[in-house]
Amino acid sequence: MEKIIERGLFASRWILAPFYIGLIGALSMLMLTFMQELWHFVMQVLASFSGEAGTVLKAQDAILACLALIDISLAANLIIIVVFSGYENFVSKIDVGDHEDAPSWKGKVDFTGLKIKLIASIVAISGIHLLKIFMDIKKYTEAEIMWMVLIHMAFVVSGVMLALMDNFMAKSKALNYRAD
(Lines give C-alpha, C1' and ligand atoms only; values in the text may rest on other atoms or scores of the structure.)
Protein backbone atom coordinates (compact mmCIF):
# COMPACT_ATOMS: atom_id res chain seq x y z
CA MET A 1 0.00 0.00 0.00
CA GLU A 2 2.84 2.38 0.90
CA LYS A 3 4.54 1.87 -2.48
CA ILE A 4 1.30 2.62 -4.34
CA ILE A 5 0.77 5.84 -2.36
CA GLU A 6 4.38 6.91 -2.87
CA ARG A 7 4.24 6.21 -6.61
CA GLY A 8 0.98 8.16 -6.81
CA LEU A 9 2.49 11.07 -4.91
CA PHE A 10 5.56 11.02 -7.14
CA ALA A 11 3.43 10.87 -10.30
CA SER A 12 1.32 13.80 -9.07
CA ARG A 13 4.17 16.14 -10.00
CA TRP A 14 2.88 15.90 -13.58
CA ILE A 15 -0.15 17.91 -12.49
CA LEU A 16 2.23 20.90 -12.67
CA ALA A 17 2.95 20.41 -16.39
CA PRO A 18 -0.27 22.17 -17.55
CA PHE A 19 0.71 25.15 -15.37
CA TYR A 20 3.98 25.50 -17.26
CA ILE A 21 2.22 25.06 -20.59
CA GLY A 22 -0.22 27.78 -19.50
CA LEU A 23 2.74 30.04 -18.73
CA ILE A 24 3.99 29.49 -22.28
CA GLY A 25 0.52 30.66 -23.40
CA ALA A 26 0.96 33.75 -21.21
CA LEU A 27 4.39 34.26 -22.81
CA SER A 28 2.70 34.20 -26.22
CA MET A 29 0.21 36.84 -25.04
CA LEU A 30 3.10 38.97 -23.78
CA MET A 31 4.77 38.66 -27.17
CA LEU A 32 1.59 39.91 -28.84
CA THR A 33 1.41 42.79 -26.35
CA PHE A 34 5.08 43.58 -27.01
CA MET A 35 4.46 43.63 -30.77
CA GLN A 36 1.42 45.87 -30.27
CA GLU A 37 3.45 48.32 -28.15
CA LEU A 38 6.31 48.24 -30.65
CA TRP A 39 3.90 48.88 -33.55
CA HIS A 40 2.33 51.80 -31.68
CA PHE A 41 5.80 53.25 -30.97
CA VAL A 42 6.90 52.84 -34.60
CA MET A 43 3.71 54.56 -35.79
CA GLN A 44 4.36 57.46 -33.39
CA VAL A 45 7.92 57.85 -34.65
CA LEU A 46 6.88 57.68 -38.30
CA ALA A 47 4.04 60.18 -37.75
CA SER A 48 6.46 62.49 -35.97
CA PHE A 49 8.95 62.33 -38.84
CA SER A 50 6.28 62.75 -41.50
CA GLY A 51 5.28 66.07 -39.97
CA GLU A 52 1.63 65.24 -39.25
CA ALA A 53 -0.03 67.99 -37.26
CA GLY A 54 0.31 67.50 -33.51
CA THR A 55 2.49 64.39 -33.78
CA VAL A 56 5.80 65.60 -32.41
CA LEU A 57 7.35 62.77 -30.43
CA LYS A 58 9.16 64.15 -27.41
CA ALA A 59 12.27 62.43 -26.09
CA GLN A 60 10.43 61.72 -22.84
CA ASP A 61 7.66 59.90 -24.73
CA ALA A 62 10.23 57.87 -26.68
CA ILE A 63 11.98 56.90 -23.44
CA LEU A 64 8.65 55.91 -21.86
CA ALA A 65 7.84 53.75 -24.89
CA CYS A 66 11.25 52.06 -24.65
CA LEU A 67 10.76 51.47 -20.91
CA ALA A 68 7.39 49.85 -21.62
CA LEU A 69 9.08 47.48 -24.09
CA ILE A 70 11.83 46.67 -21.58
CA ASP A 71 9.19 46.05 -18.91
CA ILE A 72 7.40 43.51 -21.09
CA SER A 73 10.70 41.89 -22.03
CA LEU A 74 11.68 41.44 -18.37
CA ALA A 75 8.30 39.88 -17.61
CA ALA A 76 8.82 37.47 -20.52
CA ASN A 77 12.30 36.56 -19.24
CA LEU A 78 10.79 35.92 -15.82
CA ILE A 79 8.25 33.51 -17.32
CA ILE A 80 10.99 31.57 -19.11
CA ILE A 81 13.03 31.30 -15.92
CA VAL A 82 10.01 30.04 -13.97
CA VAL A 83 9.00 27.57 -16.69
CA PHE A 84 12.47 26.08 -17.20
CA SER A 85 13.60 25.91 -13.62
CA GLY A 86 10.17 25.09 -12.19
CA TYR A 87 9.64 22.25 -14.64
CA GLU A 88 13.15 20.88 -14.05
CA ASN A 89 12.95 21.21 -10.26
CA PHE A 90 9.46 19.81 -9.78
CA VAL A 91 8.42 17.75 -12.81
CA SER A 92 11.18 16.33 -15.01
CA LYS A 93 14.53 17.18 -16.55
CA ILE A 94 14.34 18.87 -19.95
CA ASP A 95 16.39 16.75 -22.34
CA VAL A 96 17.63 18.82 -25.26
CA GLY A 97 20.90 16.90 -25.51
CA ASP A 98 23.93 19.07 -26.13
CA HIS A 99 21.98 21.72 -28.01
CA GLU A 100 24.18 24.78 -28.44
CA ASP A 101 21.32 27.19 -27.64
CA ALA A 102 20.42 25.61 -24.29
CA PRO A 103 20.70 28.31 -21.61
CA SER A 104 23.86 27.92 -19.52
CA TRP A 105 21.78 28.05 -16.33
CA LYS A 106 19.39 25.25 -17.43
CA GLY A 107 19.49 22.47 -14.87
CA LYS A 108 21.53 24.58 -12.46
CA VAL A 109 18.85 26.83 -10.96
CA ASP A 110 17.54 25.19 -7.82
CA PHE A 111 14.56 26.43 -5.82
CA THR A 112 16.75 28.91 -3.92
CA GLY A 113 18.20 30.28 -7.15
CA LEU A 114 14.72 30.49 -8.62
CA LYS A 115 13.49 32.55 -5.65
CA ILE A 116 16.44 34.95 -5.98
CA LYS A 117 15.98 35.32 -9.76
CA LEU A 118 12.24 35.80 -9.26
CA ILE A 119 12.57 38.57 -6.67
CA ALA A 120 15.39 40.22 -8.65
CA SER A 121 13.17 40.28 -11.74
CA ILE A 122 10.25 41.67 -9.75
CA VAL A 123 12.47 44.41 -8.32
CA ALA A 124 13.75 45.25 -11.82
CA ILE A 125 10.21 45.37 -13.25
CA SER A 126 9.03 47.48 -10.32
CA GLY A 127 12.03 49.80 -10.74
CA ILE A 128 11.27 50.31 -14.43
CA HIS A 129 7.64 50.98 -13.61
CA LEU A 130 8.72 53.52 -11.00
CA LEU A 131 11.07 55.16 -13.51
CA LYS A 132 8.19 55.46 -15.98
CA ILE A 133 6.16 57.16 -13.25
CA PHE A 134 8.98 59.58 -12.45
CA MET A 135 9.29 60.40 -16.16
CA ASP A 136 5.63 61.44 -16.18
CA ILE A 137 5.31 62.55 -12.56
CA LYS A 138 2.70 65.26 -13.21
CA LYS A 139 0.04 62.59 -13.81
CA TYR A 140 0.27 61.28 -10.24
CA THR A 141 -0.61 62.63 -6.83
CA GLU A 142 1.90 62.76 -4.00
CA ALA A 143 0.06 59.94 -2.23
CA GLU A 144 0.14 57.71 -5.33
CA ILE A 145 3.86 58.28 -5.77
CA MET A 146 4.50 57.63 -2.08
CA TRP A 147 2.64 54.32 -2.25
CA MET A 148 4.44 53.26 -5.41
CA VAL A 149 7.83 54.02 -3.84
CA LEU A 150 6.84 52.17 -0.66
CA ILE A 151 5.70 49.14 -2.64
CA HIS A 152 8.95 49.15 -4.62
CA MET A 153 10.95 49.41 -1.40
CA ALA A 154 8.97 46.48 0.03
CA PHE A 155 10.10 44.42 -2.99
CA VAL A 156 13.71 45.55 -2.50
CA VAL A 157 13.69 44.80 1.24
CA SER A 158 12.02 41.42 0.59
CA GLY A 159 14.73 40.59 -1.94
CA VAL A 160 17.52 41.55 0.43
CA MET A 161 15.95 39.59 3.28
CA LEU A 162 15.46 36.54 1.05
CA ALA A 163 19.09 36.71 -0.10
CA LEU A 164 20.29 37.07 3.50
CA MET A 165 18.19 34.10 4.63
CA ASP A 166 19.48 31.95 1.78
CA ASN A 167 23.05 33.03 2.56
CA PHE A 168 22.53 32.20 6.24
CA MET A 169 21.11 28.78 5.33
CA ALA A 170 24.01 28.03 2.98
CA LYS A 171 26.55 28.95 5.69
CA SER A 172 24.63 26.87 8.23
CA LYS A 173 24.63 23.85 5.91
CA ALA A 174 28.35 24.31 5.25
CA LEU A 175 29.08 24.41 9.00
CA ASN A 176 26.94 21.32 9.60
CA TYR A 177 28.66 19.53 6.73
CA ARG A 178 32.12 20.31 8.17
CA ALA A 179 30.99 19.19 11.64
CA ASP A 180 29.98 15.78 10.25
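The set of residues in region 20-51 being among the aromatic types (Phe, Trp, Tyr) and free of Cβ contacts under 8 Å to residues at least 60 places away in the same chain consists of Phe34, Trp39, Phe41, Phe49. Any residue in region 48-61 that is in a helix (DSSP H, G or I), under 23 Å from the mean Cα position of the chain (by Cα) and either under 26 Å from Leu131 (Cβ atoms) or among the small types (Gly, Ala, Ser) (or both)? Looking through region 48-61, none of the residues is in a helix (DSSP H, G or I), under 23 Å from the mean Cα position of the chain (by Cα) and either under 26 Å from Leu131 (Cβ atoms) or among the small types (Gly, Ala, Ser) (or both). Once region 35-91 is narrowed to residues that are more than 30 Å from Ile15 (Cβ to Cβ) and of a type in the set (Val, Ile, Thr), the residue that is modelled with the lowest pLDDT is Thr55. Restricting region 1-45 to residues that are closer than 30 Å to Lys93 by Cα and acidic (Asp, Glu) leaves a set whose member that is farthest from the chain's Cα centre (by Cα) is Glu2. The single residue among Asp61, Asp101, Asp71 that is of a type outside the set (Phe, Trp, Tyr), exposed (fewer than 10 other Cβ atoms within 10 Å of the Cβ) and out of contact with any Leu (no Cβ under 8 Å at 6 or more places or on another chain) turns out to be Asp101. Pairing each residue of region 54-75 that is within 21 Å of Ala120 (Cβ to Cβ) with any residue that is part of a helix (DSSP H, G or I) and charged (D, E, K, R), provided the two are 6+ apart or on different chains, yields C-beta distances under 9 Å for Leu67/Lys132; Ala68/Glu37; Ala68/Lys132; Leu69/Glu37; Asp71/Lys132; Ile72/Glu37. Listed conditions (1) of a type in the set (A, V, I, L, M); (2) at pLDDT 90 or above; (3) more than 28 Å from Ala59 (Cβ to Cβ); (4) in contact with a helix residue (DSSP H, G or I) (Cβ under 7 Å, 6 or more places away or on another chain) are all met by Ile145, apart from (3). On the stretch given as region 145-166, residues that are over 22 Å from the mean Cα position of the chain (by Cα) and exposed (fewer than 12 other Cβ atoms within 10 Å of the Cβ) total 1. When Val91 is tested against (1) loosely packed, with under 15 Cβ neighbours inside 10 Å; (2) in contact with a Lys or Arg (Cβ under 6 Å, 6 or more places away or on another chain), just one condition goes unmet, and that condition is (1).
Scanning region 123-134 for residues that are among the hydrophobic types (A, V, I, L, M, F, W, C) and either surrounded by 13 or more Cβ atoms within 10 Å (Cβ to Cβ) or not in a helix (DSSP H, G or I) (or both) yields Val123, Ala124, Ile125, Ile128, Leu130, Leu131, Ile133.
The values are calculated or read from the model by the stated rules, or taken from the named source; none is laboratory data. The structure presented is a predicted model; accordingly, all values stated were derived computationally and were not measured. Note that each Cβ is placed from the backbone with ideal geometry, even for glycine, and that neighbours are counted across all protein chains shown.
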